[in-house]
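Read through the structure below, which is laid out as structure tokens, and then see the notes.
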Amino acid sequence: MANDDTTARTALVTGGNRGIGLAIARALAADGVRVVVGSRSGQAPDGLAAVPLDVTDSASVDAAFDAAEQLLGGPVEILVANAGVTRDQLLMRLSDDEIDAVVQTNLVGAIRCARRASRGMIRLKRGRMIFISSVVGLNGSPGQVGYAATKAALVGVARSITRELGGRRITANVVAPGFIDTDMTAELGEDLRTTYRSQIPAGRFGDPADVAAACVFLASPDAAYVSGAVLPVDGGLGMGH
């Protein structure tokens with residue numbers, strides 16, 4: 001167990017009102033972290049505080065962090081950059097609007113949040129940034145050029161932050177989920193689900209709790225010396241990447 005002075009006990013989870021983000025927020029709260037959820041609606045899930053947050057707008061990011069800091073009584077010590085969108089489309093049909101929506105949310109939005117979070121973390125001389133990527137970011141996937149590009153880019157973001165802020169006891173890591181049972185995967189037809197499942201060495205889709213457990217570890221004292229890492233939570237799907 002690492003020294004307690006590296007322990008971060010306040011968190012903001014973007015896109016934390018449903019799915020994987022909500023599972024992460026609940027798991028952190030169960031681990032004793034005071035959690036605020038950020039979402040476009042600003043609606044609070046049961047038992048959690050929430051603030052309105054549109055990661056595509058810098059003013060909204062700043063306002064959300066200000067509000068979260070008021071609720072938490074201090075700086076955000078753990079940032080989980082989970083907010084994301086998909087605009088799946090074959091390359092030749094991909095529009096500029098679809099590209100921009102994915103890049104602004106998944107990549108630029110994560111950088112905006114990291115930039116704002118870094119202020120408090122630098123003052124505290126400690127902090128954890130966790131970026132939720134995807135196995136698609138390193139594996140690739142047809143019809144997901146924009147999405148895969150943004151998810152791959154988060155690795156460069158985390159590793160650059162590690163080199164820039166690592167000396168201040170600020171870590172930055174990436175969690176790369178594979179196929180997880182969420183509302184999004186539930187919409188897949190059973191034939192497609194069977195095909196995807198056959199490609200996963202574990203033989204099953206993951207649970208949001210699997211991703212949440214990885215985030216709880218990276219936010220914990222036990223991960224104080226882990227930074228710039230990519231932690232796959234994909235049942236072996238992305239091995240070698």
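The values are calculated or read from the model by the stated rules, or taken from the named source; none is laboratory data. Keep in mind the model is a prediction, meaning the values are calculated, not measured. Cβ sites come from the backbone with ideal geometry, for glycine too, and all protein chains shown count toward neighbours. Ligands, DNA and RNA are excluded from the accessible area calculation, which covers all protein heavy atoms including side chains. Shrake-Rupley method; radii C 1.70, N 1.55, O 1.52, S 1.80 Å.
Restricting region 1-110 to GluC sites (Glu not before Pro) that sit in a DSSP loop and have at most 13 other Cβ atoms within 10 Å of their own Cβ leaves nothing.
Listed values for region 44-50 are Karplus-derived 3J(HN,Hα) couplings in whole Hz (6.51 cos²θ - 1.76 cosθ + 1.60, θ = phi - 60°), namely 8, x, 3, x, 10, 7, 9, and x replaces Gly and Pro. Rounded to the nearest 10 degrees, the angle from helix 145-165 to the longest Cα principal axis of the chain is 30 degrees.
Compared with the dominant principal axis of the Cα atoms in the chain, helix 19-30 is inclined by about 30°. Between Val233 and Ala176, Gly178, the built amide H atoms are under 5 Å apart, and every one of these is 5 or more places off in sequence or on another chain. Quick one: check the C-alpha center-to-center distance for region 223-238 versus region 116-189, whole angstrom. Between the Cα centres of region 223-238 and region 116-189 lies a distance of 10 Å.
The packing ranking, built from the mean of other Cβ atoms within 10 Å per residue, places the peptides 173-183, 217-227 in the order 173-183, 217-227, highest first. Per residue, the solvent-accessible area of region 102-241 (1.4 Å probe, heavy atoms of protein chains only, all protein chains present) comes to 46 Å². Round to a whole number: what % of the accessible area of the chain belongs to carbon and sulfur, probe 1.4 Å? It is 52 percent, rounded to a whole number.
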